[in-house]
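The structure appears right after this line, and notes come after that.
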Amino acid sequence: MDEDGSQEKIIVAENKQRGIDIFDICLFISTTELCIGYLRGVGLLVVKRICSICNIEMSKIKRKDISDGEFFRCTECMTKISIRKDSIFENSRLQLKHLMMIVYFFGIDLQIYECGKLIHSLSHTTVIEWFSILRGICSKVLIDMPWKLRRDISGNVIEIDESLFGKKRKYHRGTGNQNVWVFGATERSTRNAFMQIVEKRDMATLLPIIKMHIETGSTIFF
Ligand SMILES: [Zn+2]
């Protein structure tokens, strides 16, 4: 790997175009340097770090005898900082290549029990824990996301729909209505979407949601 990770930047850019697959993953986990380069390329590890004491950029020091193979060190005060600091991997003892595989498994919707079949050293509990962390991150990103659905340049429309989700009550046992209405919209071309639980399906309930999530001027298909 060259010093600024440009080789990895190219690989990451190519994969953004076509999506990552198992061959790419095997390549990235084949060496610690490639793994770190990839994780930096997609923003899961920081690329640079400034020493909070000296206010200068810290150096990346490579060491084969530590599990991550690299750490940051300030050339002035000699403070050492893990490359995982301020990342989602900060508190994990798992190797980066295992963490990268877990993120990949989560991304391709693999079932938790299937992950253990692919990596025997991963315990069921570890995968459950990590999938929960990753679900939490995804939820936060979706909730905080400022974008609105909109008609794209080719004039594709936005489809909206409502569905009833719920459990059937066996032998009419249990109390209360366990069904919920979910209202959602999808950009037909990109499949970007949002969903929201609603109590009612009248215009007074749905209109503010449409205004919040769909750009004005978009064509909506019911
Ligand atoms: Zn320093």
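So, of the residues in the range 24-44 that are among the hydrophobic types (A, V, I, L, M, F, W, C) and in contact (Cβ under 8 Å) with a residue 40 or more places away in the chain, which turns out to be surrounded by the most Cβ atoms within 10 Å (Cβ to Cβ)? Let's see the steps before the verdict.
First pass over the range 24-44, keeping only residues among the hydrophobic types (A, V, I, L, M, F, W, C): 25-29, 34-36, 39, 42, 44.
Right, trim to in contact (Cβ under 8 Å) with a residue 40 or more places away in the chain and you get 25, 28-29, 35-36, 39, 44.
Numbers: ILE25: 20, PHE28: 25, ILE29: 18, CYS35: 24, ILE36: 27, LEU39: 24, LEU44: 17.
The extreme case among them is ILE36.
Can we say PHE89 is in contact with a Lys or Arg (Cβ under 9 Å, 6 or more places away or on another chain) and not assigned by TED's automatic domain parsing to the domain that holds TRP130? Walk me through it before giving the result.
Details: in contact with a Lys or Arg (Cβ under 9 Å, 6 or more places away or on another chain): no; not assigned by TED's automatic domain parsing to the domain that holds TRP130: yes.
So PHE89 fails the test.
What pairs can you find where one residue is in the range 67-80 and at pLDDT 95 or above, the other is outside any strand (DSSP E or B) and not hydrophobic (A, V, I, L, M, F, W, C), and their Cβ atoms are less than 6 Å apart, with a gap of 6+ or different chains?
From the range 67-80, the pairs are PHE72/ARG49.
Can you tell me which of (1) surrounded by 12 or more Cβ atoms within 10 Å (Cβ to Cβ); (2) without any contact (Cβ under 8 Å) to a residue 24 or more places away in the chain; (3) more than 19 Å from PHE28 (Cα to Cα) is the one THR126 doesn't meet?
With respect to (1) surrounded by 12 or more Cβ atoms within 10 Å (Cβ to Cβ); (2) without any contact (Cβ under 8 Å) to a residue 24 or more places away in the chain; (3) more than 19 Å from PHE28 (Cα to Cα), THR126 is out only on (2).
I want to confirm something. Restricting to the range 177-191 and keeping residues that are in contact (Cβ under 8 Å) with a residue 24 or more places away in the chain and closer than 14 Å to ASP161 by Cα, which single residue is surrounded by the most Cβ atoms within 10 Å (Cβ to Cβ)? Spell out the reasoning first.
Here is the first cut: in the range 177-191, the residues in contact (Cβ under 8 Å) with a residue 24 or more places away in the chain are 183-190.
Still in the running and closer than 14 Å to ASP161 by Cα: 183-188.
Working: PHE183: 20, GLY184: 16, ALA185: 22, THR186: 18, GLU187: 19, ARG188: 15.
Looking at the filtered set, the residue picked out is ALA185.
Can you tell me which residue is surrounded by the most Cβ atoms within 10 Å (Cβ to Cβ) among those in the range 45-58 that are within 14 Å of SER82 (Cβ to Cβ) and more than 9 Å from the ligand (Cβ to nearest atom)?
LEU45
Which of the residues spanning the range 97-153 are small (Gly, Ala, Ser), over 27 Å from SER67 (Cβ atoms) and not in a helix (DSSP H, G or I)?
Within the range 97-153, the first condition is being small (Gly, Ala, Ser), and the residues that meet it are 107, 116, 121, 123, 132, 136, 139.
After this cut, where a residue has to be over 27 Å from SER67 (Cβ atoms) as well, the list is 139.
Of everything in the range 97-153, nothing turns out to be small (Gly, Ala, Ser), over 27 Å from SER67 (Cβ atoms) and not in a helix (DSSP H, G or I).
Given the criterion among the basic types (Lys, Arg) and touching a residue at least 40 places away in the same chain (Cβ under 8 Å), identify the matching residue among LYS62, LYS140, LYS97. Step through it out loud before you land on a result.
Values: LYS62 fails: touching a residue at least 40 places away in the same chain (Cβ under 8 Å); LYS140 fails: touching a residue at least 40 places away in the same chain (Cβ under 8 Å).
Matching residue, one of LYS62, LYS140, LYS97: LYS97.
The values are calculated or read from the model by the stated rules, or taken from the named source; none is laboratory data. Since the structure is predicted, the reported quantities are computational estimates derived from the model, not experimental observations. Don't worry about glycine lacking a Cβ; one is built from the backbone with ideal geometry, like all the others, and counts go over all protein chains shown.
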